[in-house]
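What follows is calculated from the coordinates using simple rules that are stated; it is not laboratory data. All figures in this text were calculated on a predicted structure; none of them were measured in a lab. Neighbour counts run over all protein chains shown; Cβ positions are idealised from the backbone, glycine included.
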Amino acid sequence: MARVALVTGGTRGIGAAISVGLKDAGYKVAATYAGNDEAANAFKAETGILVYKWDVGAFDACQAGVRQVEADLGPVEVLVNNAGITRDGMFHRMEPEQWHAVIRTNLDSLFNMTRPVIEGMRERKFGRIVNISSINGQKGQMGQSNYSAAKAGLVGFTKALALENAFKGITVNAIAPGYIATEMVRAVPKDVLDSKIIPQIPVGRLGEAEEIARCVVFLAADDAGFITGSTLSANGGQYMA
């Protein structure tokens with residue numbers, strides 16, 4: 001019987017590629033989104049993947065959302081915490097809203113989404129949790145003290161949760177993508193990409209969202225049970241932690 005995978009922020013960019021990759025690997029997939037109904041509905045029509053709208057920064061919404069997914073598809077056995085936002089700015093000019101919005105969506109969501117599924121995983125003695133971090137959570141980035149803090153916190157969460165649940169057959173891992181050719185990165189002026197960003201990447205190109213999806217599919221597999229508490233860097237050699 002196909003396992004159920006839940007991907008937050010799963011209808012656009014890296015999240016969309018992860019959702020499709022898991023579906024192609026034989027999982028029953030549910031993808032969450034926050035606000036872009038048009039993009040989510042187009043994604044559902046194109047892929048046949050069920051989409052669900054809720055705020056991953058709100059615990060009650062996550063509890064209710066997980067209950068609905070499990071009613072529709074069955075117990076969640078694979079959780080991919082991918083949802084994230086940016087509110088960039090130099091710290092000495094950063095407003096509290098910029099800080100709290102990013103921490104709420106990128107870090108608080110780990111608790112909000114994982115807490116409703118972890119007990120079921122422990123009872124069934126199987127679970128795969130994959131948390132999407134970032135190269136900027138590993139090395140830091142000017143103008144992203146909020147984002148870098150959240151993505152670094154995600155790595156600590158991953159390690160602690162992995163230790164708590166390893167004996168229950170649950171693995172918890174992180175993936176730290178580098179610069180991926182998503183809509184957001186492609187919006188950077190070409191001259192900046194060509195002169196400032198790509199020269200920092202030893203393989204000489206941006207990553208593709210599908211390459212991150214393949215990492216998730218690997219870590220989600222039953223056969224990946226001996227890998228837990230790890231952070232997989234997928235950044236073309238830009239930063240080697």
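Suppose the filter is in contact with a helix residue (DSSP H, G or I) (Cβ under 9 Å, 6 or more places away or on another chain) and either buried (at least 22 other Cβ atoms within 10 Å of the Cβ) or farther than 30 Å from residue 99 by Cα (or both); does residue 151 pass it?
Here the answer is yes, as residue 151 does meet what is asked.
Any chance you could count how many residues in the stretch 40-70 are within 10 Å of residue 11 (Cα to Cα), of a type outside the set (S, T, N, Q) and more than 18 Å from the chain's Cα centre (by Cα)?
2
Applying the selection to the stretch 195-241, what residues are of a type in the set (Ser, Thr, Tyr) and out of contact with any strand residue (DSSP E or B) (no Cβ under 6 Å at 6 or more places or on another chain)?
Matches in the stretch 195-241: 195, 239.
What pairs come up if the first residue lies in the stretch 162-180 and is farther than 18 Å from residue 125 by Cβ and touching a residue at least 40 places away in the same chain (Cβ under 8 Å), the second is of a type in the set (Phe, Trp, Tyr) and surrounded by fewer than 22 Cβ atoms within 10 Å (Cβ to Cβ), and their beta carbons are under 9 Å apart, counting only those six or more places apart or on different chains?
174/157; 176/239; 178/239
When the stretch 87-107 is examined, which residues are found to be farther than 15 Å from residue 59 by Cα, in contact (Cβ under 8 Å) with a residue 12 or more places away in the chain and surrounded by 12 or more Cβ atoms within 10 Å (Cβ to Cβ)?
Hits for the stretch 87-107 are 87, 88, 89, 91, 94, 98, 99, 102.
Considering each residue of the stretch 1-23, count those that are in a loop (DSSP other than H, G, I, E, B) and surrounded by 20 or more Cβ atoms within 10 Å (Cβ to Cβ), and give that number.
6
Pick out, from the stretch 94-148, the helices (runs of 4 or more DSSP H) lying fully within it that include 3 or more residues that are more than 24 Å from residue 22 (Cβ to Cβ) and either under 13 Å from the mean Cα position of the chain (by Cα) or among the aliphatic types (A, V, I, L, M) (or both).
Fully inside the stretch 94-148 and qualifying: 96-103.
With respect to residue 26, determine if the residue is exposed (fewer than 15 other Cβ atoms within 10 Å of the Cβ), at positive phi and outside any helix (DSSP H, G or I). If you could, list the steps in order and put the result at the bottom.
Numbers: exposed (fewer than 15 other Cβ atoms within 10 Å of the Cβ): yes; at positive phi: yes; outside any helix (DSSP H, G or I): yes.
The answer is yes for residue 26.
Might you check whether a residue that is at positive phi, over 18 Å from the mean Cα position of the chain (by Cα), surrounded by 13 or more Cβ atoms within 10 Å (Cβ to Cβ) and not aliphatic (A, V, I, L, M) occurs anywhere in the stretch 157-180?
The answer is yes; a qualifying residue exists.
Is there a residue in the stretch 35-49 that is touching a residue at least 40 places away in the same chain (Cβ under 8 Å) and either buried (at least 21 other Cβ atoms within 10 Å of the Cβ) or within 17 Å of residue 117 (Cα to Cα) (or both)?
Checked the stretch 35-49: no residue is touching a residue at least 40 places away in the same chain (Cβ under 8 Å) and either buried (at least 21 other Cβ atoms within 10 Å of the Cβ) or within 17 Å of residue 117 (Cα to Cα) (or both).
Scan the stretch 181-199 for residues that are part of a loop (DSSP other than H, G, I, E, B) and without any contact (Cβ under 8 Å) to a residue 24 or more places away in the chain and jot them down.
Matches in the stretch 181-199: 187, 188, 189.
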